[in-house]
Amino acid sequence: MIELNIALEKDLVFFDIESTGLNVLKDRILQIALIKYKKDTPVPEELFMLINPGVPISEEAFAVHGISNEMIRNKPTFTQVGQEIYEFVGDADLAGYNSDRFDVPMLMEEFHRIGLEFDLSRRKLIDVQKIFYKMEPRTLKAAYRLYCNGDLSDAHDALADARATVEVLKGQIQRYEHVDYVDGDGFVTPAPIKNDLAAIAKFISDESMLDVTQRLKYNAKGEVVFNFGKYAGQLVAQVFQMEPNYYHWIMEKDFSAQVKQIVKKIYDSQKNGK
């Protein structure tokens, strides 16, 4: 067990969930782990569960956490274990990583479905990711300080910023040209940052996304799906076949030219029977 040497006013629960997808309203929890540190007790309590979500696990989610539909088929549902989780948390404060945007709202939705009100008004929320981002700012000025060992005095002057960006890239190549990248799953990419623009571009690109506004993406099979709205996760071609007016709605609304260009090609190809 990990000791937590921090002053607590009341219990603090660290928790993390794995889910069927990333939509906090529609997707479901299929794994949850909670570690409770009590105010006056040095040894924490742990609660870990696999849960049958009652809905299929998306291929994208399975690719991340490796939990299959078969693995949770005979596990209890959230309806069956929700009360136990609710009581374990009690009135504790909550901590997690990216928890304010994902884990907390998803847990609240699950409690709501079984008639339990999970009040946040008297809880402290500690999202460790926010500490990371605040203490390690992701601004050009911070990057210049890190990679160029200097202060960017003319920040937000376009020419000064452009020149600083050149220096930052040079500094990044010098710092990382012999450094391997290890992702969260332990996969190693040998020295991806080097004097090779194509290699750098490939390393930082998200090949699953088709447009810069992230409205369209590829699923695990390489098929184009929506990444927003009521048809999120569904094949663009199939949606247009079922509801052609959705295509016209996209073309008339405030979507990027890139999105409109992509969906037009899909719609026209479908219309022409290709």
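Only the coordinates and a few stated rules stand behind these numbers; no lab work does. The structure presented is a predicted model; accordingly, all values stated were derived computationally and were not measured. Cβ coordinates were reconstructed from backbone atoms using ideal geometry, including for glycine residues, and neighbour counts include every protein chain displayed.
Residues of segment 65-101 with backbone nitrogen within less than 15 Å of a virtual label 7 Å along the Cα-to-Cβ line of residue 136, please, listed as ranges.
Counting backbone N atoms under 15 Å from the label point, the list is 97-98.
So, counting K/R as plus one and D/E as minus one, what does the shell of residues with Cβ under 15 Å around residue 257 add up to?
Working: positive: 215, 253, 260, 264, 265; negative: 211, 252, 254.
Result for the neighbourhood of residue 257: +2.
Gain in length, residue 119 to residue 254, computed as 0.36 nm per residue apart minus the alpha-carbon separation, to one decimal in nm?
Numbers: separation 135, 0.36 × 135 = 48.60 nm, distance 3.63 nm.
Extending this stretch completely gives an extra 45.0 nm.
Lys and Arg at +1, Asp and Glu at -1: add these up for the other residues within a Cβ distance under 11 Å of residue 209 and post the number.
Details: positive: 215, 217; negative: 206, 207, 211.
Here the count lands on -1.
Which of 254, 161, 16 moves most in a GNM of the chain, Cα contacts under 10 Å?
254
Using the Cβ atoms and a cut-off under 9 Å, what net charge is assigned to the surroundings of residue 99, where Lys and Arg are +1 and Asp and Glu are -1? Can you show the working numbers first?
Working: positive: 101; negative: 16, 100, 103, 127.
Once all neighbours under 9 Å are counted, the net charge is -3.
Students often get this wrong, so check it: of 26/221; 217/260; 221/253; 141/170, which have C-alpha atoms separated by over 25 Å? Numbers along the way, then the final one.
On the way: 26/221 22 Å; 217/260 14 Å; 221/253 29 Å; 141/170 15 Å.
Violating the 25 Å Cα-Cα cut-off are 221/253.
Taking springs between alpha-carbon atoms closer than 10 angstrom, which of 171, 21, 150 fluctuates most in the Gaussian network model of the chain?
So, out of 171, 21, 150, the one fluctuating most is 150.
Arrange the peptides 24-34, 233-243 so that the one whose residues have, on average, the most other Cβ atoms within 10 Å appears first.
Working: 24-34: 18.5, 233-243: 16.0.
Ranked from most to least packed, the peptides come out as 24-34, 233-243.
Taking N as the number of residues in segment 12-132, what is its Cα Rg relative to 2.2 N^0.38 Å?
Working: Rg = 14.1 Å, N = 121, 2.2 N^0.38 = 13.6 Å.
Dividing the Cα Rg of segment 12-132 by 2.2 N^0.38 Å gives 1.04.
Straight distance only, please: which aspartates and glutamates reach the Cα of residue 271 with their own Cα at less than 16 Å, same-chain residues fewer than 8 apart left out?
List returned: 243.
Give the Rg (one decimal place) followed by the Dmax (whole number) of the chain, computed from C-alpha coordinates and expressed in Å.
Using the Cα atoms of the chain, the pair Rg, Dmax is 23.2, 70 Å.
Using 0.36 nm per residue of separation minus the Cα-Cα distance, give me the extension gain between residue 16 and residue 183 in nm, one decimal. Don't skip to the end; give the middle numbers.
On the way: separation 167, 0.36 × 167 = 60.12 nm, distance 1.88 nm.
Residue separation times 0.36 nm, minus the Cα-Cα distance, leaves 58.2 nm.
How high is the relative contact order of segment 216-271, in percent, counting Cα pairs under 8 Å that sit 6 or more residues apart?
Numbers: 43 pairs, mean separation 13.0, N = 56.
It comes to 23 percent, rounded to a whole number.
Any idea what diffusion coefficient segment 216-271 gets from Stokes-Einstein, in µm²/s, Kirkwood Rh on alpha carbon pairs, 4 °C, 1.567 mPa s? Can you show the working numbers first?
Details: Rh = 11.3 Å.
For these conditions, the coefficient is 115 µm²/s.
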